[in-house]
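For reference, the structure discussed in these notes is given below.
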Amino acid sequence: MKKKGLMQHKLAHGVIVIFGASGDLTARKLMPAIFSLYNQGILSDRNLILGVARSEFNDQSFREKMQQALLNEYPDHAKAIDVFMEQIYYQPINIYAKAGYQELKTRLQGLQSQHDLPNNLLFYLSTPPSLYYEIPKHLAELGLNDESDGYKRVIIEKPFGTDEQSAKELNRHLSHCYDESQLFRIDHYLGKETVQNLLVFRFANAIFEPLWNAAHIENVQIYANETIGVGSRAGYYDQSGAICDMIQNHLLQLLGIVAMEAPAKMDAYSIRNETLKVFQSIRRFKSEADIRENVVIGQYEAGCVDGKLKGAYREEKDVQKNSVTETYAAIRFFIDNWRWHDVPFYVRTGKRLKQRVTEVVINFKSTPHPFFSQVQKISKFKNQLVIRIQPDEGIKLSFAAKEPGAGFKAHEVDMGFYYSDFAQTQMPAAYERLILDALQGDNTLFSRNDAVEACWNIIDPIIAFLKENAASMLKFYPSGSNGPIQADHMLEERQHVWRNPTANFKRQQKG
Ligand code: NDP
Ligand code: BG6
């Protein structure tokens with residue numbers, strides 16, 4: 001494992017309790033992230049992990065399952081994984097019975113006394129969301145929210161509610177069990193290095209701020225295109241769809257960082273206040289016409305992705321044969337404040353698209369007078385800033401340059417910064433950064449209750465409309481394509497076009 005950019009000192013000792021430990025997320029993301037923190041020396045052998053679920057594992061059989069998951073992720077670290085296994089434990093539980101939590105508490109006390117640990121507990125809820133009520137209630141009843149002798153924190157996985165009302169109810173419920181400072185609503189996009197760098201890019205460089213507004217920016221594009229389909233998660237996804245799965249949380253959080261004012265301080269409270277103001281200023285969709293004009297939804301059909309034939313969404317396991325769930329969505333938002341008046345923010349996401357790429361694209365206005373209009377290729381030129389969130393992470397600014405020689409033949413060229421140039425540093429995984437932050441009690445990169453509710457408030461009218469009208473709105477697109485053509489038409493209304501990213505960001509050739 002290469003040296004990573006995370007802190008290099010050890011953390012307070014304690015136990016991470018993962019509810020849903022037999023599930024997909026624990027094996028694929030959580031355990032690899034925790035192991036990586038251990039392998040860098042940030043966690044020590046006195047930071048234990050206690051897995052909890054219904055399945056009848058014991059410590060040994062659970063360790064075997066986790067060992068296999070870690071070997072898949074880190075095949076060269078068999079020895080370190082072997083040693084790490086000794087700090088993993090498992091406790092089966094009946095999640096609805098008080099007795100189950102009493103057993104859990106007794107088990108925790110046993111581990112704490114055996115390893116001489118302080119009473120620091122981080123609970124990670126990686127279960128079906130219906131249990132986000134049950135588990136904190138029982139934990140709080142047993143005093144596992146009392147911080148007088150050590151921290152007690154709760155990480156909650158998405159989805160956080162299914163609309164504004166349910167998010168409010170869940171927030172109200174959680175606030176009876178835990179203080180807001182103890183709650184960590186995860187949005188793993190905020191854990192991505194490149195997303196955090198957006199804050200540094202915007203607020204550590206004075207040169208961009210004077211241009212970062214409606215006077216200079218023509219449109220902003222934020223998209224997360226995926227090549228994968230719905231996989232084994234159709235049970236959840238068919239009820240959710242792309243708008244709730246990706247836009248309500250990850251992409252609106254990205255938009256919040258792109259559009260926010262400079263915070264008073266670089267701390268959780270100030271940053272979250274500023275992104276909240278953006279969410280409050282996003283223009284709400286008030287009528288059917290608003291939604292039909294500004295929203296395009298699609299669903300994948302069979303097609304070729306990376307040279308392999310893939311089936312249609314409706315043929316996926318656990319998907320209804322006549323499902324009208326959207327696997328693609330493009331939405332045009334406007335932010336009604338002074339900075340962003342009349343600047344469209346085009347947000348898009350989709351599964352089974354041509355290429356996996358997440359980018360923020362700032363398209364600047366062109367010069368007022370087209371100086372070089374007679375010169376081929378430069379007549380319609382506009383400066384573009386591309387922040388590549390993943391993969392091939394980096395930032396690129398395009399501008400016009402004169403071709404050497406007679407006349408004024410100009411070409412588009414670019415200046416770039418690429419993370420791959422940092423030879424010594426590997427990008428820390430998002431979950432690694434977020435678990436580390438939660439262990440340190442820093443919730444800057446987690447969503448606050450009011451922001452989650454505001455994001456639902458933006459999305460709710462669209463979801464309500466689609467409940468009745470999805471069938472008439474839905475456009476089908478072949479797997480491996482760029483999605484429905486109607487999303488291109490939405491931009492053409494203002495003579496805008498989606499950026500067309502190529503596979504290799506660093507080596508993308510200019511015309
Ligand atoms: P899985 O269905 O794979 O796992 C769910 C886990 O919850 C299992 O460990 C299951 O264990 C446990 N569980 C279910 N019902 C109960 C119960 N009544 N009592 C105790 N344990 C129970 O889900 P994932 O791991 O995929 O997802 C977990 C959470 O994370 C979900 O909320 C999901 O939305 C979210 N998430 C997942 C992502 C992913 O990539 N997988 C990405 C982002 C969010 P058992 O059956 O043994 O009880
Ligand atoms: C999850 C969504 O939150 O994010 C998935 O539920 C999606 O549907 C995933 O595939 C994308 O995450 P990433 O980090 O691969 O962009």
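The values are calculated or read from the model by the stated rules, or taken from the named source; none is laboratory data. Note that the structure is predicted; figures quoted are calculated from it, not measured. Virtual Cβ from ideal backbone geometry, glycine too; neighbours counted across all protein chains shown. SASA here: full protein model, heavy atoms, side chains in, ligands and nucleic acids out. Shrake-Rupley method; radii C 1.70, N 1.55, O 1.52, S 1.80 Å.
Quote to one decimal, in nm, the extra length available between Phe334 and Ser472 on full extension: 0.36 nm per residue of separation minus the C-alpha distance between them.
Values: separation 138, 0.36 × 138 = 49.68 nm, distance 2.45 nm.
In short, 47.2 nm is gained.
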Notebook entry, point to check: Which residues' amide hydrogens lie under 5 Å from the amide hydrogen of Lys310, considering only partners 5 or more residues apart or on another chain, with H built in the peptide plane?
Noted result: Gly303, Cys304, Val305
Note to self: What number comes out for accessible area per residue over the stretch 320-364 if the probe is 1.4 Å? Units Å², please.
What the structure shows: 32 Å²
Check: Heavy-atom accessible area of Ile228 with all protein chains present, probe 1.4 Å, nearest 10 Å²?
Finding: 100 Å²
Margin query: Taking 0.36 nm per residue of sequence separation and subtracting the Cα-Cα distance, how much length would be gained by fully extending the chain between Ala401 and Ala80, in nm to one decimal?
Written below: 110.4 nm
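Ignoring everything except DSSP H segments at least 4 long, calculate the 222 nm mean residue ellipticity for the chain; use -39,500 (n - 2.57) per segment, divide by total residues, nearest 500.
Working: 14 runs with 166 residues, N = 511.
Helices in the chain give a 222 nm mean residue ellipticity of -10000 deg cm²/dmol.
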Note to self: With every protein chain left in place and a probe of 1.4 Å, what is the accessible surface of Phe372, to the nearest 10 Å²?
What the structure shows: 90 Å²
Margin query: If you fit an axis through the alpha-carbon atoms of helix 59-73 and take the longest principal axis of the Cα set of the chain, what angle between them do you get, 0 to 90°, nearest 10?
Written below: 20 degrees
Check: To the nearest 20 debye, what is the magnitude of the charge dipole of the stretch 1-101 about its Cα centre, counting +1 on the Cβ of each Lys and Arg and -1 on the Cβ of each Asp and Glu?
Finding: 360 debye
Next item on the list: Treating only the Cβ atoms of Lys and Arg (+1) and Asp and Glu (-1) as charged, compute the dipole magnitude of the chain about its Cα centre; round to the nearest 20 debye.
Entry: 1340 debye
Next item on the list: Give the calculated FRET efficiency between Asp146 and Ala503 to the nearest 0.05, with a Förster radius of 51 Å applied to their Cβ-Cβ distance.
Entry: 0.45
Item checked: Separation of alpha-carbon centers, the stretch 441-500 and the stretch 63-99, rounded to whole Å -> 37 Å
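Assuming a ≥ b ≥ c are the square roots of the Cα gyration tensor eigenvalues, decide whether the stretch 168-247 counts as rounded (a/c under 1.5), prolate (otherwise, with a/b larger than b/c) or oblate.
On the way: a/c = 2.39, a/b = 1.36, b/c = 1.76.
The shape class here is oblate.
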Item checked: Rounded percent of accessible protein surface that carbon and sulfur make up, the chain, 1.4 Å probe -> 52 percent
Notebook entry, point to check: Short version: ³J(HN,Hα) in whole Hz for each residue of the stretch 123-128, in order, from phi by Karplus 6.51 cos²θ - 1.76 cosθ + 1.60 (θ = phi - 60°), x for Gly and Pro, what are they?
Noted result: 9, 10, 8, 10, 10, x
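Placing unit charges on C-beta atoms (Lys and Arg positive, Asp and Glu negative, everything else neutral), compute the dipole magnitude of the stretch 440-511 about its Cα centre in debye, rounded to 20.
On the way: 8 positive and 8 negative charges, 116 e Å.
Taking the Cα centre of the stretch 440-511 as origin, the dipole is about 560 debye.
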Item checked: Residues whose placed amide H lies under 5 Å from that of Asn219, excluding near-sequence neighbours -> Asn363
Notebook entry, point to check: Cα axis of helix 164-177 to longest principal axis of the chain: angle in degrees, 0 to 90, nearest 10?
Noted result: 30 degrees
Margin query: In the chain, if the dipole is taken from +1 on Lys/Arg beta carbons and -1 on Asp/Glu beta carbons about the Cα centre, which of His341, Asn72, Leu491 is farthest to the positive end?
Written below: Leu491
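Compare Thr367, Thr26, Thr502 by solvent-accessible area with a 1.4 Å probe and give them largest first, with all protein chains kept in place. Could you put the intermediate results ahead of the total?
Working: Thr367 95, Thr26 0, Thr502 55 Å².
Order by accessible area, largest first: Thr367, Thr502, Thr26.
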Item checked: Point-to-point label distance, Asp59-Gln165, nm (Cα→Cβ direction, 7 Å offset) -> 4.8 nm
